[in-house]
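**Q** My structure is below; once you've seen it, I'll send some questions.
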Amino acid sequence: MNNSENKQNICPICGSKTRYNARYENYICSDCVKLSTDIDGKLLEFFNIDMSGGYKANYKLTKEPYNSHICYINKNKCYATEARFGGIVVRLLEDVDDINIYTQLQ
Ligand SMILES: [Zn+2]
């Protein structure tokens with residue numbers, strides 16, 4: 001049961017086709033992730049803490065830490081976190097089905 005090669009992921013923000021990922025359906029494409037801001041519209045950037053992963057977010061211009069997983073892309077509320085196999089994955093908050101994240105939201 002492996003027909004994932006024919007599937008494609010569609011970015012929910014801009015509609016562009018990206019590589020399918022069974023674990024992170026409806027993830028947001030890298031071009032849209034670059035538009036991520038905080039609630040006040042300040043640009044953010046995301047990265048892993050080190051080679052083993054982790055999640056860290058900064059304000060892009062000042063490099064000050066941004067201590068939240070919530071970001072906004074084109075007025076859509078999104079959730080950024082470390083991807084299981086490295087990198088950062090960003091999805092619409094409504095698409096994030098892991099209930100555990102809600103305990104992390106402040
Ligand atoms: Zn996109």
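The values are calculated or read from the model by the stated rules, or taken from the named source; none is laboratory data. All values derive from a computational prediction rather than experimental measurement. Using ideal geometry, Cβ is built from the backbone for each residue, glycine included, and neighbour counts are taken over all protein chains shown.
**Q** Tell me, which residue of the range 52-73 that is part of a loop (DSSP other than H, G, I, E, B) and without any contact (Cβ under 8 Å) to a residue 24 or more places away in the chain is surrounded by the most Cβ atoms within 10 Å (Cβ to Cβ)?
**A** Across the range 52-73, the extreme among qualifying residues is LYS60.
**Q** Turning to a different aspect of this structure: Could you run through the range 2-51 and say how many residues are surrounded by 12 or more Cβ atoms within 10 Å (Cβ to Cβ), within 13 Å of the ligand (Cβ to nearest atom) and not charged (D, E, K, R)?
**A** 17
**Q** Return the residue satisfying two criteria in turn: it lies in the range 78-104 and is modelled with pLDDT under 90 and β-branched (Val, Ile, Thr), and of such residues it is farthest from the chain's Cα centre (by Cα).
**A** Ranking the qualifying residues of the range 78-104, first place goes to THR103.
**Q** Go through the range 16-35 and report how many residues are among the hydroxyl-bearing types (Ser, Thr, Tyr) and more than 21 Å from PHE85 (Cβ to Cβ).
**A** The total comes to 1.
**Q** Is it fair to say ARG84 is of a type in the set (Lys, Arg), surrounded by fewer than 10 Cβ atoms within 10 Å (Cβ to Cβ) and touching a residue at least 40 places away in the same chain (Cβ under 8 Å)?
**A** Against the criterion (of a type in the set (Lys, Arg), surrounded by fewer than 10 Cβ atoms within 10 Å (Cβ to Cβ) and touching a residue at least 40 places away in the same chain (Cβ under 8 Å)), ARG84 does not qualify.
**Q** Let me ask another. So is ILE70 within 16 Å of the ligand (Cβ to nearest atom) and touching a Cys at 6+ places or on another chain (Cβ under 9 Å) or not?
**A** Criteria not met by ILE70.
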